[in-house]
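Just below is one structure, and these are the notes that go with it.
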Amino acid sequence: MSSSKRFAAETQLNLSPFFERTSKLNESQEWRRWSGYLSATNYELTHENEYFAIRTKAALLDITPLYKYIVEGPDAQAFLDRLVTRNINICKVGQVMYTPWCDEDGKQIDDGTVQRLTQDRFRITSAEPNLEWINHNAAGMDVTISDDSKSTASLALQGPTSRDILNACAQDSLDTLKFFWMMDTQFSDIPVSISRTGYTGDLGYEIWMKPDDALAVWDLLLEKGKPFGITPTGLHALDMARIEAGLILLDVDYISARHAIIESRKSSPFELGLGWAVKLKKKDFIGKKALEAEKSRKPEWKFVGLEIEWDPFEKLHRKAGLPPGLPCTAWRTSTPIYNGKKQVGYATSGTWSPILKRYIALAHVKSEYAKENTQLHFELKVEHFRKLSPARVVKTPFFDPERKRSCPV
Amino acid sequence: MPGIKQYDAIIIGGGHNGLTAAAYLGRAGKKVLVLERRHVLGGAAVTEEIFPGFKFTVCSYVVSLMKPNVMRELMLPQFGLELLPLESTLTPLDGDYLIRTADSDETYREIARHSRKDAEAYMRFGPAMGQIGMSVRPILETIAPNAIRPSLSDLSALKKLLNHFQSLSSEQFEYLTKLMTMSSADFLDEWFEFEPLKATMSASGIIGTFMGPKSPGSAYVMLHHYMGDIDGAFRAWGFQRGGTGAVSMAIARSAEHFGADIMTEKAVSNVIVKNGRAVGVALENGDEFSADIVISGLDPKQTFLNMVDENDLPADFVDDIKNFRIRGSSGKVNLALDGLPNFTCLPGEGHHLRGAISISPSYDHLEQAYDDAKYGHFSQKPFMDIILPSILDPEMAPPGKHVMSCFVQYAPYDIKGGWDDTKREAFGDAVVNTLARYVPNIKDIILHRQVVTPADMETTFGLTEGNIFHGELSLQQLFSFRPAVRWADYTTPIKNYFQCGSGTHPGGGITGSPGEMAAKKILGIWK
């Protein structure tokens, strides 16, 4: 490539240990900020191939910008169990749990995964910085909390051929690694941890390593992954996949209770579709009382999947002489949802799903309108004019392939 | 027929249209039986592991025209329909190339490298054809009326179409008229000057037909290929994960979901007609099945000249069917490859291998290929439309290996002396030699070669004369004339005998449309 086509700029943003590779692969030079890092939006000029890599091949994403904390010590289990809403006491070594955590009012602060690395050592991931909150709540407990964000680099490898690729790289077989479990292994002589987790709702893994090993791991994955269609993938594709999987995103679908400046901006896990992750039978945890009370009085809001119905949507566009205007990337603009003339909610993210051939969205609606198949209306603009298009409440995940959970043996 | 289950409808042939009709009828509560002669479903939309570990899209290989409402109504994504985008079209040239990609800036720059005028015209051409595509949709979605003795409903359908045409702008009407009558070369000459671009675009006007790009009528075939859209994007082509056979399987699963019984290795020998009414079918193994109605998904020659007795049909109708032009003109060469093809014009790996590769450097190349066919030979230097399915879906071949699908024209059904093994292999050699001009390593990486001639398409897939569209897409064989005047609405002169294959309106390609519209017609008149 001629030097005039090379891209280089000074930046104040964080650069991940993979940047040396990703910056050279990013043909579009489209970047987004993710937790202060420069993060690829799409590597190619268009994102289609990356989206389909998640669903038919294997997509490789740099997820180093995730915040990560190590919690260790004799009280680590007890402390985390108090911090989050899920039951960490039953989390076995090598197991991973997805969980929200709340403030004392039962309003959600963040969500992430808790990995039990050893009996007394855990890693917790989060979307926003949580060190202060974690430290604050650890007072009086025998735990050490350290920021792991920069001391661990991580990649997500997501898609139907991801297991084949890891089997070609790792010393141990991944065949028996179950959904939401993790294992330690080696890529030749490089120690890595691999968790069967991800943000795509597909078969997929996340690989955790030392930053010094990042480039060697990246190179090995790309080399061994080539016959299996490994594809460096950016956030455009990921955003579509996570909506198909019905997975929420902080600051898009909800606002952290720690940052909401008005009460109505806060949400409880019940209002975010995470009621299943709130274990009210647990002895005690932060926000338990408030969540118990909310459960008995029934949450005001629910977080639901919506499908914008095709025929009326197409008709609205045909009337304007246009083909149906489908969003080819995910959107994240708050969009009013109506029942008749009354606004009863708002959608926070949506996308055309190329794999499902459905226009889908995630929305907050008042509980009485959250029942499956409830017919609502979705506001959209056709040629600058606001229209209402019928939308139906549907189950999430929209896309849930069997391979996500299954094992070959 | 004691002991044999009674069905509401029997469908002859488990091709994608037969399966589509079955799913629609099942969805309406009818008990349907589909009978397929082969051991696999899908007809010409089939994926087979011809060489161990390598899955071949034996005949049809891409999808664009599949009707979106059929996908939705039959819930095909839920049953396995997954269309991956074919992002680009590469035309290798001697010492150069032309590539059009999914990115409009990139495509503009690349065409401008050859002709700035064309680059700008190309930006207008897409939207113009999209508009035309939209304006012909209503024709495609109308059950073809009886043009000789229109019924009341025919008249109202015609009136609707007339109103629609009156709503078109004069520019749209002009394009439409041109596309219906001109050759694809003449039509494209009005837009572009760079010949490899024109030749490659004109190739959509010859696929599946016995015409060259300069033959009048080829512009319509080009239009036929423009009418598809994927996710609202016109002219977008896709590759089904797992090959086109997986489209058929998705439709079959949908049909079964709606209660249809589907049987393979059940060759129907004939339709049982009693007192001018179809009452069931007899199989080659002697079994019989009865049903209220029988629907044929086969081509018109098979449907009327093979499945029923000519004496049960009006003589002039038999003549029409005998005159129905169904000359096969294409072949398929499927290759199992040890590695990736290395193009001289764009060496190594790259995005260019992810789309279609068109061997169409000039009009002359296409016309000379056609000349060979006119005189009863296969083309020595054929036109080819190539894809590498394993790049899009690694599960099509073992890791690191690849499959290459080459659609080849021309291979006339009526080859001098008839097709035999020697000619088949000679045809395969001509294809590989033509490829080798652009891909010097091709001969070194071929592990297995499958050559499918029109004669093979006839014997293996039951396509008369190996015509991939069940009959030429020429003006006199479209709409109210497909397959014959008065019988273009999926009915036949035999009561309770219907047709739903590509030989009916709106014609060939993986559209699901004939199957869907036949089922809707049948349900409309079912008593």
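FYI, it's all coordinate maths here, none of it is from the lab. Given the structure is predicted, the values throughout are model-derived calculations rather than measurements. Note that each Cβ is placed from the backbone with ideal geometry, even for glycine, and that neighbours are counted across all protein chains shown.
Among B:Lys55/B:Lys423; B:Lys495/B:Lys520; B:Lys198/B:Lys521; A:Lys57/B:Lys198; B:Lys274/B:Lys322, which pairs are too far apart, with a Cα-Cα distance over 28 Å?
On the way: B:Lys55/B:Lys423 25 Å; B:Lys495/B:Lys520 17 Å; B:Lys198/B:Lys521 40 Å; A:Lys57/B:Lys198 34 Å; B:Lys274/B:Lys322 24 Å.
Over 28 Å apart, Cα to Cα: B:Lys198/B:Lys521; A:Lys57/B:Lys198.
For B:Lys274 and B:Asp364, what is the calculated FRET efficiency with R₀ set at 60 Å and r taken between the beta-carbons, to the nearest 0.05?
With R0 = 60 Å, the Cβ-Cβ based efficiency is 0.55.
Classify the protein assembly as shown from the C-alpha gyration tensor, please: rounded if a/c falls under 1.5, else prolate or oblate depending on whether a/b exceeds b/c.
Details: a/c = 1.94, a/b = 1.59, b/c = 1.22.
Prolate is the answer for the protein assembly as shown, as a/c is 1.5 or above and a/b outweighs b/c.
Distance in nm between label sites at A:Asn135 and A:Lys289, each 7 Å beyond Cα in the beta-carbon direction?
Modelled inter-label distance: 2.7 nm.
Could you work out, for the stretch A:215-374, what percent of all Cα-Cα pairs fall into each 10 Å distance bin, beginning at 0 Å and stopping at the bin that holds the largest distance?
Reading the bins upward from 0: 9, 29, 29, 19, 11, 2, 0.
Determine the shielding of peptide B:66-79 by partner chains: average, over its residues, the number of Cβ atoms on other chains within 10 angstrom of each Cβ.
On the way: counts 0, 0, 4, 3, 0, 4, 5, 1, 0, 1, 1, 7, 4, 0.
Rounded to a whole number, the mean comes out at 2.
Averaged across orientations, what area in nm² does the convex hull of the alpha carbons in the stretch B:327-461 project? Can you show the working numbers first?
Details: hull surface 32.9 nm².
So the mean shadow area of the Cα hull is 8.2 nm².
Give me the Å³ per residue figure for the convex hull around the C-alpha atoms of the stretch B:121-232.
Details: hull volume 13.8 nm³, N = 112.
Cα convex hull per residue, to the nearest whole number: 123 Å³.
List the trypsin sites (Lys or Arg not before Pro) in the stretch A:316-409 that DSSP assigns to loop (not H, G, I, E or B) and whose Cβ has at most 13 other Cβ atoms within 10 Å. Which are they? Each step should come with its number before you reach the end.
On the way: sites: A:Arg318, A:Lys319, A:Arg332, A:Lys341, A:Lys342, A:Lys357, A:Arg358, A:Lys366, A:Lys371, A:Lys381, A:Arg386, A:Lys387, A:Arg392, A:Lys395, A:Arg403, A:Lys404, A:Arg405; in loops: A:Arg332, A:Lys341, A:Lys357, A:Lys371, A:Lys395, A:Arg405.
Qualifying residues, ordered by number: A:Lys341, A:Lys371, A:Lys395, A:Arg405.
Taking R0 as 41 Å, what's the FRET efficiency between A:Gln29 and A:Gln186 from their Cβ-Cβ distance, rounded to 0.05?
Numbers: r = 34 Å, r/R0 = 0.84.
Efficiency for this residue pair is about 0.75.
Contact order normalised by length for the stretch B:374-517, with contacts defined as Cα pairs under 8 Å and 6 or more residues apart; what percent is it? Working shown, then result.
Numbers: 177 pairs, mean separation 22.3, N = 144.
Taking the mean separation of contacting Cα pairs over the length of the stretch B:374-517, I get 15 percent.
Suppose R0 equals 41 Å. What FRET efficiency, 1/(1 + (r/R0)^6) with r the Cβ-Cβ distance, do B:Leu152 and B:Asp189 give to the nearest 0.05?
Result of the calculation: an efficiency of 0.40.
Hey, quick one: spin label on A:Glu20, modelled 7 Å out along Cα-Cβ, who in the stretch A:36-74 has an amide N within reach, i.e. under 20 Å?
It comes to A:37-40, A:61-65, nothing else.
Can you list the residues, at least 5 places off or on another chain, whose amide H is less than 5 Å from the amide H of A:Ala40, using H built in the peptide plane?
Sorted by chain and number, the residues that satisfy this are A:Arg32.
Taking each residue in B:237-246, count the Cβ atoms of any other chain within 10 Å of its Cβ, then average. What number comes out? Please report the intermediate quantities before stating the final value.
Details: counts 0, 2, 2, 0, 6, 1, 0, 0, 0, 0.
Average per residue, whole number: 1.
Looking at the stretch A:205-313, which trypsin sites (Lys or Arg not before Pro) are DSSP coil and have at most 13 other C-beta atoms within 10 Å of their C-beta?
Values: sites: A:Lys224, A:Arg242, A:Arg258, A:Arg265, A:Lys266, A:Lys279, A:Lys281, A:Lys282, A:Lys283, A:Lys288, A:Lys289, A:Lys295, A:Arg297, A:Lys302; in loops: A:Arg258, A:Lys266, A:Lys279, A:Lys281, A:Lys282, A:Lys283.
Sparse-neighbourhood loop trypsin sites (Lys or Arg not before Pro): A:Lys281, A:Lys283.
At a 10 Å Cβ-Cβ cut-off, how would you order A:Asp105, A:Asp311, fewest neighbours first?
The order, fewest Cβ neighbours first, is A:Asp311, A:Asp105.
Which order do the peptides A:111-120, A:347-356, B:388-397 come out in when sorted by mean C-beta neighbours inside 10 angstrom, highest first? Mind showing how you got there, number by number?
Working: A:111-120: 19.3, A:347-356: 22.8, B:388-397: 24.3.
Ranked by mean Cβ neighbours within 10 Å, highest first: B:388-397, A:347-356, A:111-120.
Of A:Lys302/A:Lys342; A:Lys107/A:Lys381; A:Lys266/A:Lys295, which sit over 25 Å apart, Cα to Cα? Mind showing how you got there, number by number?
On the way: A:Lys302/A:Lys342 17 Å; A:Lys107/A:Lys381 33 Å; A:Lys266/A:Lys295 16 Å.
From the list (A:Lys302/A:Lys342; A:Lys107/A:Lys381; A:Lys266/A:Lys295), the Cα-Cα distance tops 25 Å for A:Lys107/A:Lys381.
As a footprinting exposure proxy, order B:Lys198, B:Lys274, A:Lys226 by other Cβ within 10 Å, with the fewest listed first. Walk me through the numbers on the way to the answer.
Working: B:Lys198 22, B:Lys274 8, A:Lys226 15.
Fewest-to-most Cβ neighbours within 10 Å comes out as B:Lys274, A:Lys226, B:Lys198.
Work out how much length A:Ser151 to A:Phe179 would gain on full extension: take 0.36 nm times their residue separation and subtract the Cα-Cα distance, in nm to one decimal. Before the final figure, lay out the partial values.
Values: separation 28, 0.36 × 28 = 10.08 nm, distance 2.52 nm.
Between A:Ser151 and A:Phe179, full extension yields an extra 7.6 nm.
What's the long-distance tail for chain B, i.e. % of Cα pairs beyond 30 Å? Intermediate results must be reported in sequence, preceding the final value.
On the way: 64573 of 138601 pairs.
Of the Cα pairs, 47 percent sit more than 30 Å apart.
Tell me the chymotrypsin sites (Phe, Trp or Tyr not before Pro) within the stretch A:117-209 that lie in a loop according to DSSP and have at most 12 other beta-carbon atoms within 10 Å.
Numbers: sites: A:Phe122, A:Trp133, A:Phe179, A:Phe180, A:Trp181, A:Phe187, A:Tyr199, A:Tyr205, A:Trp208; in loops: A:Phe179, A:Phe180, A:Tyr199.
For chymotrypsin sites (Phe, Trp or Tyr not before Pro) across the stretch A:117-209 that sit outside H, G, I, E and B with at most 12 neighbouring Cβ atoms in 10 Å, the list is empty.
Straight-line reach only, C-alpha to C-alpha below 16 angstrom: list the lysines that B:Lys416 could link to, leaving out same-chain residues fewer than 8 apart.
The qualifying lysines are B:Lys374.
Please compute the modelled spin-label separation between A:Glu10 and A:Lys371, points set 7 Å along Cα→Cβ, answer in nm with one decimal.
6.3 nm
Under 27 Å Cα-Cα from A:Lys150, which lysines qualify once same-chain neighbours fewer than 8 residues away are excluded?
A:Lys24, A:Lys68, A:Lys92, A:Lys210, A:Lys224
Once amide H atoms are built 1.01 Å from N in the peptide plane, which residues 5 or more positions from A:Tyr338, or in another chain, come under 5 Å H to H?
A:Val344, A:His377, A:Phe378, A:Glu379
Enter the mean number of other protein chain beta carbons within 10 Å of the beta carbon of each residue in B:390-396, as an integer. Don't skip to the end; give the middle numbers.
Details: counts 2, 2, 5, 6, 13, 7, 0.
Rounded to a whole number, the mean comes out at 5.
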